[in-house]
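Just below is one structure, and these are the notes that go with it.
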Amino acid sequence: MSLSKILVAEDDKEISHLIQRTLQNEGYDTQLVNDGKEALDCINSFHYDLIILDIMLPQMDGLEVLQHVRQHKNTPVMILSAKGGEQDKVLGLGLGADDYISKPFFIGEFLARVKAQLRRYLYLNETKKEDSQKLLKFNDLELNRDTYEVKIKNNKIMLTAKEFAILELLLTHPAKVFSKSQIFSHIWKEDFHTDDNTVMVHINRLRNKIETDPSAPEYIQTVWGIGYRFAGERK
């Protein structure tokens, strides 16, 4: 598993090095910058799992950096500032910060908040990744691997288990050409016989259910002399 990457933008060297040592001791990949412009350049060039921003940065202040971040990214941002008034916190959180820590701070509490932000961000990203793998969408076709439902333009299509399995195989490898023997071996878990028309019959049935015009298929295309492939634009 790759290390969580954290950007720390802090112009106070004593504080920035304390933060860096603390985070590195916890196993985080930590990068330090000491002005807002450099922070923004790094944010535009690299992916971070967490950004820690001081407000009073040279070149560009932390709130301005925060505004730029929120225009393009959902990376969690923690404000670290000597400005601890209620209005300052309301402003920072209102501009999109996920947390606001006033200086001076306890390093234990700071670390706990860092871990909370990373846990939430990485969990949500993993959940989105899992959801995207469960739901496959191409053009007007949608296949749900959890519910075993297939829809065309939001209309449910009734498929047999084998038809669903063939469609799922093709959808998970878009543009890849599968021979009849490869499809048969993958779906039926048996050796393919050259005179077996099972795959062709199932492909024809599948086309009749999902294609607007089965004679000119939009989704399951024949690659003559080789086999079949799925041709659709993923959403």
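The values are calculated or read from the model by the stated rules, or taken from the named source; none is laboratory data. All values derive from a computational prediction rather than experimental measurement. Note that each Cβ is placed from the backbone with ideal geometry, even for glycine, and that neighbours are counted across all protein chains shown. We work out accessible area using only protein heavy atoms, side chains counted, and drop any ligands, DNA or RNA first. Shrake-Rupley method; radii C 1.70, N 1.55, O 1.52, S 1.80 Å.
Things to note:
- Hey, LYS73 at pLDDT below 90 and in contact with a strand residue (DSSP E or B) (Cβ under 6 Å, 6 or more places away or on another chain) or not: no
- The selection criterion, being over 26 Å from the mean Cα position of the chain (by Cα) and either within 19 Å of ARG119 (Cβ to Cβ) or of a type outside the set (Lys, Arg) (or both), holds for GLY84.
- When LEU57, LEU40 are checked against the criterion of being open to solvent by 10 Å² or more (accessible area, probe 1.4 Å), in a loop (DSSP other than H, G, I, E, B) and at pLDDT below 95, LEU57 stands alone in meeting it.
- Options GLU168, GLU190, GLU218, GLU163: the member that is open to solvent by 50 Å² or more (accessible area, probe 1.4 Å) and touching a residue at least 12 places away in the same chain (Cβ under 8 Å): GLU218
- Residue list for region 145-160, filter: surrounded by 14 or more Cβ atoms within 10 Å (Cβ to Cβ) and free of Cβ contacts under 8 Å to residues at least 12 places away in the same chain: GLU149, LYS151
- On the stretch given as region 19-37, residues that are free of Cβ contacts under 8 Å to residues at least 60 places away in the same chain, out of contact with any strand residue (DSSP E or B) (no Cβ under 9 Å at 6 or more places or on another chain) and part of a loop (DSSP other than H, G, I, E, B) total 1.
- Here SER16 meets each of (1) touching a residue at least 24 places away in the same chain (Cβ under 8 Å); (2) out of contact with any helix residue (DSSP H, G or I) (no Cβ under 7 Å at 6 or more places or on another chain); (3) surrounded by 16 or more Cβ atoms within 10 Å (Cβ to Cβ) with one exception, condition (1).
- Within the span defined as region 177-184, one or more residues are among the basic types (Lys, Arg), within 18 Å of GLN221 (Cα to Cα) and surrounded by 13 or more Cβ atoms within 10 Å (Cβ to Cβ).
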